[in-house]
Amino acid sequence: MAGKFFQKPGPELAERVPPGQHLAKGFPVLTYGDTPQVAEVDWTLTISGLAQPKIFTWADVMALPQNEFTADFHCVTTWSKLDVTWVGVKITDLVAEIALDPQAAHVMLHCYGGYTTNLSLDDFIRPENFLAHTLFGEPLPAEHGGPMRVVVPHLYAWKSAKWINGLEFLASQALGFWERNGYHERGEPWAEERYSSL
Ligand SMILES: Nc1nc2c(c(=O)[nH]1)N[C@H]1C(S)=C(S)[C@@H](COP(=O)(O)O)O[C@H]1N2
Ligand SMILES: [Mo]
């Protein structure tokens, strides 16, 4: 019963809810397939493609500046959750540790379990995007992408890759898992970029 799980936003929140979206109660889990179980000690982030190859360990990422983030979260299946609070590392601080080839213009995010999603570097390297290891003050639960996920608040949440494991830098756009299966290549919620325009 939809009324049990979704709320109509009040006027002060309504302007933060993109067209066609409803506020979720709680924080739903949306995963295609099984939930990978990855321990922090085993977690790595592999840099490949148009960049100097590099592998970040958990300790490497924890040594970078840690920030708190509050961000709205919009799933293309029409639920949104406002004011989600996270702790993690800015993508800009992470990328500062990577020697990018000047030809790099896109990135494919690779995850434990095989999920992928694509972003242009303009969409990826923004101060509001981050790697998250803490959700609402607790270690990021496995079902929400723990131990480490990406969060890209300005795009639909299928771009916010859970169980992040690799960044592959590319010269041109390639399509990730949902993007190959009919979702939009960019996915901007205010423009309702839900379905592929290709
Ligand atoms: N690795 C991986 N990342 C993923 C997904 C997935 O299935 N696998 N689902 C995406 C989708 S469609 C959404 S809406 C969000 C959901 O995040 P949540 O489960 O923490 O709410 O994760 C995104 N990241
Ligand atoms: Mo989603």
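Looking only at residues that are touching a residue at least 40 places away in the same chain (Cβ under 8 Å) and of a type in the set (Phe, Trp, Tyr) in the range 85-126, which one is least open to solvent (accessible area, probe 1.4 Å)?
TRP86
So which pairs qualify, if the first residue must be in the range 152-163 and near ligand 1 (Cβ under 6 Å from one of its atoms), the second must be in a helix (DSSP H, G or I) and not β-branched (Val, Ile, Thr), the Cβ gap must be under 8 Å, and the two must be at least 6 apart or on different chains?
Matching pairs, first to second residue: TRP158/TRP178; LYS162/HIS144.
Which of the residues that make up the range 60-80 are open to solvent by 40 Å² or more (accessible area, probe 1.4 Å), on the phi < 0 side of the Ramachandran plot and within 16 Å of ligand 1 (Cβ to nearest atom)?
Result: THR70, THR77.
When residues of the range 91-112 are filtered for being closer than 15 Å to THR46 by Cβ, within 16 Å of ligand 1 (Cβ to nearest atom) and either more than 15 Å from the chain's Cα centre (by Cα) or among the aliphatic types (A, V, I, L, M) (or both), how many remain?
Residues in the range 91-112 being closer than 15 Å to THR46 by Cβ, within 16 Å of ligand 1 (Cβ to nearest atom) and either more than 15 Å from the chain's Cα centre (by Cα) or among the aliphatic types (A, V, I, L, M) (or both): 3 in total.
Name the single residue, out of those in the range 16-39 being of a type in the set (D, E, K, R) and closer than 23 Å to ALA71 by Cβ, that is most open to solvent (accessible area, probe 1.4 Å).
First, pick out the residues of the range 16-39 that are of a type in the set (D, E, K, R): 16, 25, 34.
Adding the requirement that they be closer than 23 Å to ALA71 by Cβ leaves 16, 25.
Values: ARG16: 73, LYS25: 101 Å².
Across the range 16-39, the extreme among qualifying residues is LYS25.
Just a yes or no: is a residue in the range 134-148 buried (at least 21 other Cβ atoms within 10 Å of the Cβ), assigned to a strand (DSSP E or B) and of a type outside the set (Phe, Trp, Tyr)?
no
Within 20 Å of ILE55 (Cβ to Cβ), within 15 Å of the chain's Cα centre (by Cα) and within 8 Å of ligand 1 (Cβ to nearest atom): does that describe GLY145?
Details: within 20 Å of ILE55 (Cβ to Cβ): yes; within 15 Å of the chain's Cα centre (by Cα): yes; within 8 Å of ligand 1 (Cβ to nearest atom): yes.
Yes, satisfied.
Looking at ASP72 and the list (1) in contact with a helix residue (DSSP H, G or I) (Cβ under 8 Å, 6 or more places away or on another chain); (2) touching a residue at least 60 places away in the same chain (Cβ under 8 Å), which single condition is not satisfied?
(1)
The values are calculated or read from the model by the stated rules, or taken from the named source; none is laboratory data. Everything numeric here is computed off the predicted structure, so don't read it as measured data. With ideal geometry, Cβ positions are generated from the backbone for all residues, glycine too; neighbour counts draw on all protein chains shown. The area values use the complete protein model at the heavy-atom level, side chains included, leaving out ligands, DNA and RNA. Shrake-Rupley method; radii C 1.70, N 1.55, O 1.52, S 1.80 Å.
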